[in-house]
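Step one of this worksheet: look at the structure below.
Every read-out reported here was derived from the displayed coordinates using simple, explicitly stated rules and does not represent laboratory data. Quick caveat: nothing in here was measured; it's all calculated off a predicted structure. Cβ: placed from backbone, ideal geometry, glycine included. Neighbour counts: every protein chain shown.
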Amino acid sequence: MMLETLRTMLIVDDSKIDRTLLANIFKDQYAIKQACDGREALDVLHQTKVDIVVLDISMTGMDGFAVIEAMRADPALSDIPIVVATSEPAHEEAALTDGADDFIAKPFNPVVVKKRVENIIVKHMLERERLQMALQETELELRSLADSVPGGICVFRLTGDGRLVLGYFNDSFYQLFGRTRAETAAEFGDDILQLVYKEDRKQVLAALRTSAATGERFDTAFRVALPDGSLRWVSASAVEYKRVEDEPIFRSVIIDITESKENELLAQQRAKELQHAAEHDHLTGLYNRTAFYRKTKEYLEQHSDIDHVIVLFDIERFKIINELYGGDKGDEVLLAIADALSKHVDGVGVYGRMENDHFALCVPADERVVYSCMSSIENSLAVTGIDRQIMLYYGVYQVVDRSMPVDIMCDRANLALRSVKGDYNKRYALYDASMHQSVLNEHELRSEGDQALKNRQFEAFLQPIFNLSDGSLASAEALVRWRHPEKGLVPPDQFIPFFENSGFIVRLDSYIRESVCELITNMGKQGIECPPVSVNVSRLEFYDPKLCQNLRDLVNYYDLEPARMRLEITESAYADNAAQLLEAMDELQGMGFVMLMDDFGAGFSSLSMLRDVPVDMIKLDMRFLSHGATLDRERGILSAIVPMAKSLSLPVIAEGVETAEQAEFLKSIGCDYVQGYHYARPMPQDEFVEVVARSGYTARSLVSEGGR
Ligand code: C2E
Ligand code: CA
Ligand code: CA
């Protein structure tokens, strides 16, 4: 057979003759060891590597059965084949049952003995080879399994000085890190901690140490830097499974989670964006109303040692800027303001955009701070190129009680703001308690309108308008007054805005027109010719499709020429509702009504627009012009407008004329008509009738007056 190297045989027998016999049989093929009893046999087995034992059963002292039992119980010996030698057939079976591999009968037949032992050895060798092969195969399978799993598998040791020394690893391990083992070794030596992205190393090491100290599983996501510099997210799970020289050895599984981590980061980013969008105004990026309220509340809590003010501001007639210059220009204006706020208020206080052109800030209650904010905002508008057309108004509320909700503080600043709106001499106001009272009044007035109309508390006052050239009476304007039973004579500024909001203005205007028609008719009956009277038509009325019909019915009812009742439409109305407005104006002009454009020059209408709009006269308000303007500038504007209007054959009425100096100047530039306190205040109807009677007014002026 192929037993080339000499194997060792142990012969255990208490009969020296038998031992010698057997030794002689096998001495050529085996190195022979001998033992004369069980104990000696075990000694030999522990000292020498033995390939086969030939064992006598009946021995004095430790017999063969005891040796079989001891050998099978000892893992180091359990594998050695045993052939039992016995003269008693009963022993044969018992020995085989106990774990012997075969038996030979005494007295020995040398040929049979040799053959049997040989068979045993061969069988044993084959078995062992088969087992070894199976083991190798299993190991190979396991390895290829380990190499084929998508994750990295490795065994590493955590050293006392914080290095991770690699033991076993699979293919995916290095694929995860984008390097071969050799490349890793060249780059990082034996420390695989260096494979972890440097910013995450500390955290990984700390977590491993905790895991080693507590025995808990290490479960951490971290980044690894690939050779091309890109980062990959991995998740590693590791558990200590033994210690060598008190250093923990970990088994670890590592998987690539870049995609899910990226999704997670993306989701976080998205959440942040949503949060930002919820808190910020999309155009300017400033805080929106709700965020402004919240941030201001926090800010006031954090700065409780300093007094603060809330400032609200907006742009006068911002809608018209949009209308005339386009929405992009409007946006540019808002962005310029936002830019100034973030440059100037950042670090000083909180600021935000409430909506449209309304902005708010919360800054220390220090005049210098507030003024410098205001001036930086206004200076920022220069970049828009239309800064001279932009007027900002401010309302200021001094914070007294910090526990008051910020929206109420803002309401109060807004009241202050509204108190200066339309005031051409004042640009900001500080809230005071009387403003609150005036709001209460407003509410009262608003709800009383209906009743007041029934009780005839509204009254048309008349303000005469004169020819500038000779001072003769030319026409008049009807201006409403409310004779309130408790509040006395209330001027229109205090109720018209609310009536415009509620829609009640439509009924009030039609009532005023009716009383004007009545006045003209009654005067006629007294033989006094009334000059044309203009009435103010609220912009809201142009939403009423029956406006033209109603006006026609009215003059027909009183049997008046339409030209005797002129219609004043404020310039800013054009911005609201241009198409519908122009259509109605066209129709009214066609019916014979004289159309006046009121408050010209206060807004942003260009003179060229007058060409396209059906108007017959324009009214210039001196008060608008004198606002903030030097006399020179005012003169400049007027001396440009008047000739231009004349070139379009549009007569000009200057209203709000308060001084002789203004009157002189208006005359010098060829203005046609004047209206103002310098000549006459708005007066009750009976007084007006007297003025007309005294003036000797005749219809001459009606005929001579322009129209196109
Ligand atoms: P408005 O149409 O511009 O009317 C001219 C305003 O200037 C009137 O104010 C008049 O009293 C005032 N005024 C005239 N001359 C002078 C002056 O020399 N100096 C100054 N400081 N003011 C002068 P009033 O009567 O208070 O009316 C205010 C506004 O209320 C009017 O401005 C008009 O827009 C509106 N309004 C008045 N009556 C009616 C009405 O019956 N219907 C509608 N829809 N609005 C009206
Ligand atoms: Ca008017
Ligand atoms: Ca006016």
Q) Using alpha-carbon pairs under 8 Å, 6+ residues apart, how would you state the relative contact order of region 280-431 in percent? A) 30
Q) So what is the orientation-averaged projected area of region 310-447, using the convex hull of its C-alpha atoms, in nm²? A) 9.2
Q: Please work out how much length the chain gains when fully extended from E139 to D544, using 0.36 nm per residue of separation minus the C-alpha to C-alpha distance, in nm with one decimal.
A: 136.4 nm
Q) In degrees from 0 to 90, rounded to the nearest 10, what is the angle of the helix 547-558 Cα long axis to the longest principal axis of the chain? A) 20
Q: Could you quote the convex hull projected area for region 239-299, Cα atoms only and averaged over all directions, in nm²?
A: 8.6
(Q) Compute the angle between helix 367-380 and the longest alpha-carbon principal axis of the chain, please, reported from 0 to 90 degrees and rounded to the nearest 10. (A) 90
(Q) Just to compare against my own numbers: the Cα pair-distance distribution for region 257-368, 5 Å bins, whole % per bin, please. (A) 2, 11, 18, 18, 15, 12, 9, 7, 4, 2, 1, 0
Q. In the chain, with Lys and Arg counted as +1 and Asp and Glu as -1 at Cβ, which of these residues, P81, T290, M595, has the Cα nearest the positive end of the dipole, that is, farthest along it?
A. M595
(Q) Which of rounded, prolate or oblate describes region 3-131 when judged by the alpha-carbon gyration tensor and an a/c cut-off of 1.5? (A) rounded
Q | Percent breakdown of C-alpha pair distances by 5 Å bin, ordered from the shortest bin, for region 149-262 | A | 2, 12, 24, 28, 20, 10, 3, 1, 0
Q. Once both axes come from the Cα atoms, what is the angle between helix 258-279 and the longest principal axis of the chain, in degrees from 0 to 90, rounded to 10?
A. 20
Q: Could you name the lysines whose alpha carbon sits less than 17 Å from that of K319, not counting residues in the same chain fewer than 8 places away?
A: K329, K421
Q. Dipole of region 3-131, Cα-centred, from +1 at each Lys and Arg C-beta and -1 at each Asp and Glu C-beta, to the nearest 20 debye?
A. 460
Q | Globularity index of region 292-337, i.e. its alpha-carbon radius of gyration over 2.2 N^0.38 Å | A | 1.71
Q) What is the Cα centroid distance between region 172-196 and region 55-120, reported in whole angstrom? A) 56
(Q) Compute for region 41-90: radius of gyration divided by Kirkwood radius, i.e. Rg/Rh, restricted to C-alpha atoms, rounded to two decimals. (A) 0.95
Q: Provide the percentage of antiparallel DSSP beta bridges, counting only those with both residues in the chain; round to the nearest 5.
A: 60
Q | P(r) weight above 12 Å for region 1-44, C-alpha pairs, percent | A | 58
Q: Quick one: dipole size for region 113-224, taken about the Cα centre, charges +1 on Lys/Arg Cβ and -1 on Asp/Glu Cβ, in debye to the nearest 20.
A: 460
Q.
Kirkwood Rh and Cα-based Rg: tell me the resulting Rg over Rh for the chain, rounded to two decimals.
A. 1.51
**Q.** Cβ charges +1 (Lys, Arg) and -1 (Asp, Glu), total dipole of the chain, debye
**A.** 740
Q | Options N441, I569, H276, ranked by Cα towards positive dipole end of the chain, top entry (Cβ charges) | A | I569
**Q.** Bins of 10 Å from zero: percent of alpha-carbon pairs in region 399-448
**A.** 24, 47, 26, 3
(Q) Taking loop as defined by DSSP and a crowding limit of 11 other beta carbons within 10 Å, which trypsin sites (Lys or Arg not before Pro) in region 528-594 fit? (A) K546
Q. How high is the relative contact order of region 74-174, in percent, counting Cα pairs under 8 Å that sit 6 or more residues apart?
A. 17
Q. Excluding the sites themselves, what is the longest stretch of the chain that contains no GluC sites (Glu not before Pro) in a DSSP loop with at most 14 other C-beta atoms within 10 Å?
A. 246-485
Q) Put +1 on the Cβ of each Lys and Arg and -1 on the Cβ of each Asp and Glu in the chain; which of L126, L10, S515 then has its Cα farthest toward the positive end of the dipole? A) S515
Q | Gap separating the Cα centres of region 8-45 and region 429-490, nearest whole Å | A | 138
(Q) Ignoring everything except DSSP H segments at least 4 long, calculate the 222 nm mean residue ellipticity for the chain; use -39,500 (n - 2.57) per segment, divide by total residues, nearest 500. (A) -15000 deg cm²/dmol
Q | Relative contact order of the chain, defined on C-alpha pairs under 8 angstrom at six or more residues apart (%) | A | 7
